[in-house]
Amino acid sequence: MTINETTYEVRGAIYDVYHALGPGLLESVYEEALAFELEQRGLSVRRQQQVPIIYKGNLLKTELRIDLLVEEQVIVELKSVEEMKKLFSKQLLTYLRLMDKRVGLLVNFNTDDILSAITRIAN
């Protein structure tokens, strides 16, 4: 599956989860539901995947985790917030760089229009 095909499937799954659950729930609820929906569509999903941080050749002990890694190629970061901050996009871009991935999706489920609340970020 190409990255574009994967992101297309993820966007469809996000849409389905949003329309089933609506806005305003905890991020963890959307994460679990989205992982389930993606697996039902036949995609591989890893939840709370650790992000390795290498600094000057040393693996740092500090743990970072991404919400979802889909098909080993697309990072999905979920939010359920009143206001999206620029920091969220910067964090996702950093995760992409640290994990050597090309594309990520940043999603805010606390919205009236889920399609406009999905941002594609490329490394």
* Asked: Size of the dipole of the range 20-68 about the Cα centre, Lys and Arg at +1 and Asp and Glu at -1 on the beta carbon, nothing else charged, in debye to 20?
  -> 340 debye
* So what's the gap between the Cα centers of the range 98-123 and the range 29-92, to the nearest angstrom? -> 10 Å
* Structure fact -> Gyration tensor on Cα atoms of the range 1-76, a ≥ b ≥ c root eigenvalues, a/c under 1.5 rounded, else prolate if a/b beats b/c, else oblate, says oblate
* What aspartates and glutamates could a cross-link reach from Lys56, if we take a straight Cα to Cα line under 20 Å and drop same-chain neighbours fewer than 8 places away? -> Asp100
* **Dipole magnitude of the chain about its Cα centre (Cβ charges: Lys, Arg +1; Asp, Glu -1), debye to nearest 20** => 740 debye
* Structure fact -> Checking the range 1-93 for trypsin sites (Lys or Arg not before Pro) in a loop per DSSP with at most 14 other beta-carbon atoms within 10 Å yields Arg41, Lys56, Lys61, Lys85
* Under a GNM of the chain (C-alpha, springs under 10 Å), which listed residue has the highest mean-square fluctuation: Leu60, Leu92, Leu106? -> Leu60
* Structure fact -> If every Lys and Arg gets +1 and every Asp and Glu gets -1 at its Cβ, then about the Cα centre the range 42-83 yields a dipole, in debye to the nearest 20, of 300 debye
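Taken together, the values in this text are just the output of simple stated rules run on the coordinates, not laboratory data. Keep in mind the model is a prediction, meaning the values are calculated, not measured. Positions of Cβ are generated from backbone atoms using ideal geometry, with glycine treated the same way; all protein chains shown enter the neighbour counts.
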